[in-house]
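Notes to accompany the following structure.
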Amino acid sequence: MNRCPKCNVYLYTPSDTCPLCSCVPEEMDAASEAEAKALFGEGAPYPNALKRRKFTVLALKIILFVFAVTEVVLIFINRYTTPHIWWSAITAAAFLYCFLFLLYWVQHDSGFAAKVGLQLIFTMVLLYVIDYTTGSHGWALKWAIPGCILFGDGIVLFLMMLNRSRWASYILLLMFMGLCSVAITAILYFTKTGGMLLAAIAIAVTGIHILGAFVFGERAVARELGRRFHV
């Protein structure tokens, strides 16, 4: 049995780091271990770290699979709609980039909402700049940025499941993505550019996500908004 020197929690399952703070746990001597078992019994007073790790690995594999399937679909869309511009190569690089950063975030369990939000902003701005500098073909607003928002929805859902004790902290990020989806749809509508399908899907998916958060976690969301806006 190990003990985290920072959180002072006991880890009954093998773990190189504390699942709460990522600090390296200390191995307990026989006397301390016997005292902890006498106090808490044979059951762990802290969630099973090994079970959580298995869940995380499975979730990452699912995300990687979804990325791969999505990229294949985007390649076909690219091939039969705009074969003269291989924007699907950019989405492939973006998927790989985001997945690698997701691996890093999972290993450093803190400030996920802010990290995801900043990363989405950076990626969306970068995609628009690439589109604009290569001739402003419109693929960024029509496909790439709404796709990033949908990707963000998936990431937020994954993080809510991974950090169930702090899931309400992601509500502002969901609202931000919803506003981005509405703004992109409005731009496409008023400029008569067309191609609003994926942006509309992003609005629907993010809206359902937000609605579900309010319906199933009304009190937690209210506390989070009150804490954020001091109301």
Q | Residues of the range 149-194 satisfying the condition of being of a type in the set (Ser, Thr, Tyr) and in a helix (DSSP H, G or I) | A | Ser165, Ser169, Tyr170, Ser181, Thr185, Tyr189
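Being surrounded by 12 or more Cβ atoms within 10 Å (Cβ to Cβ), among the aliphatic types (A, V, I, L, M), free of Cβ contacts under 8 Å to residues at least 12 places away in the same chain and part of a helix (DSSP H, G or I) is true for just one of Ala202, Ala222. Which residue is that? Outline the logic, then answer.
Working: Ala202 fails: free of Cβ contacts under 8 Å to residues at least 12 places away in the same chain.
Checking each option against the conditions leaves just Ala222.
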Q. What pairs come up if the first residue lies in the range 159-188 and is in the same structural domain as Phe99 (by TED's automatic domain parsing) and closer than 14 Å to Ile203 by Cα, the second is outside any helix (DSSP H, G or I) and β-branched (Val, Ile, Thr), and their beta carbons are under 9 Å apart, counting only those six or more places apart or on different chains?
A. Ile187/Thr193
(Q) within 13 Å of the chain's Cα centre (by Cα), at negative phi, hydrophobic (A, V, I, L, M, F, W, C) and assigned by TED's automatic domain parsing to the domain that holds Val72: which single residue out of Ile155, Ile145 fits that description? (A) Ile155
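Here's the yes/no breakdown for (1) within 23 Å of the chain's Cα centre (by Cα); (2) modelled with pLDDT of 85 or more:
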| position | (1), (2) |
| --- | --- |
| Gly41 | no, no |
| Tyr46 | no, no |
| Val57 | yes, no |
| Ile62 | yes, yes |
| Val72 | yes, yes |
| Ala94 | yes, no |
| Phe122 | yes, no |
(Q) Against the conditions (1) farther than 27 Å from Ile62 by Cβ; (2) more than 18 Å from the chain's Cα centre (by Cα), where does Leu179 fall short? Just the number, please. (A) (2)
(Q) If Leu174 satisfies all but one of (1) modelled with pLDDT of 85 or more; (2) surrounded by 15 or more Cβ atoms within 10 Å (Cβ to Cβ); (3) farther than 28 Å from Thr56 by Cβ, what's the number of the condition it fails? (A) (3)
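The values are calculated or read from the model by the stated rules, or taken from the named source; none is laboratory data. Treat the numbers as computed from the prediction; the structure is a model and nothing was measured. With ideal geometry, Cβ positions are generated from the backbone for all residues, glycine too; neighbour counts draw on all protein chains shown.
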